[in-house]
1. Could you give me the percent of Cα pairs per 10 Å distance bin for the range 21-77, shortest bin first, beginning at zero and ending with the bin that holds the maximum distance?
2. Karplus couplings for the range 51-66 from phi (6.51 cos²θ - 1.76 cosθ + 1.60, θ = phi - 60°), rounded to Hz, Gly and Pro as x?
3. Can you find, among His80, Ser17, Ile30, the residue farthest towards the positive end of the dipole of the chain? Put +1 on the C-beta of Lys and Arg, -1 on that of Asp and Glu.
4. Using a Förster distance of 30 Å, how high is the FRET efficiency between Arg98 and Val7, based on the Cβ-Cβ distance and rounded to 0.05?
5. Using alpha-carbon positions, what is the distance between the centroids of the range 9-45 and the range 54-85, in Å?
6. Give the value in nm², to one decimal: projected area of the alpha carbon convex hull of the chain, averaged over all directions.
7. Suppose only helical runs count, i.e. DSSP H with n ≥ 4. What mean residue ellipticity at 222 nm does that imply for the chain under -39500 (n - 2.57) per run, divided by all residues and rounded to the nearest 500 deg cm²/dmol?
8. Between helix 17-26 and the chain, what is the angle of the helix's C-alpha long axis to the longest principal axis, kept within 0 to 90° and rounded to the nearest 10?
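Values quoted throughout were computed directly from the atomic coordinates according to the rules given, and no laboratory measurement underlies them. Fair warning: this is a prediction, and the values are worked out from it, not measured in the lab. All Cβ positions, glycine included, derive from the backbone under ideal geometry; neighbour counts span all protein chains shown.
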Amino acid sequence: MDNKISVIGLKEPSSESFLHNAVYRKRPEINAIFHGHDDRALKNRHLPVTENEQPYGTIELVQEVKKILNSHNYILMKNHGFLSLGKTLDEAGNQALRIHATG
């Protein structure tokens, strides 16, 4: 993986740019990512979760996520947050809303 991100615009890139880029590269059918932080979701033992906690914005977090990314459209990053993936913004967003509504 290239450890360089180029951006055009007025804002700094997200600290999770490497993570989001890795998702799009590994799962080309994904066009939208909702990344959020919800303590309630992190306690849900029925959702796929990364094995190890890693600092945000690191290549190590990217590697942890890639281990479970193939078969899930919603994952938890241990003690960090969630990724909801979809082909569209509506799909990714509605999935996150459904999961968070059921706790």
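1. Computed distribution, short to long bins: 21, 58, 21.
2. With coefficients 6.51, -1.76 and 1.60, one gets 5, 10, 6, 9, x, 5, x, 10, 5, 4, 5, 4, 5, 4, 5, 4 Hz.
3. Result: Ile30.
4. The calculated FRET efficiency here is 0.40.
5. The two parts, judged by their Cα centres, are 8 Å apart.
6. On the way: hull surface 27.0 nm².
Value for the chain: 6.7 nm².
7. -10500 deg cm²/dmol, from helical runs alone.
8. 80
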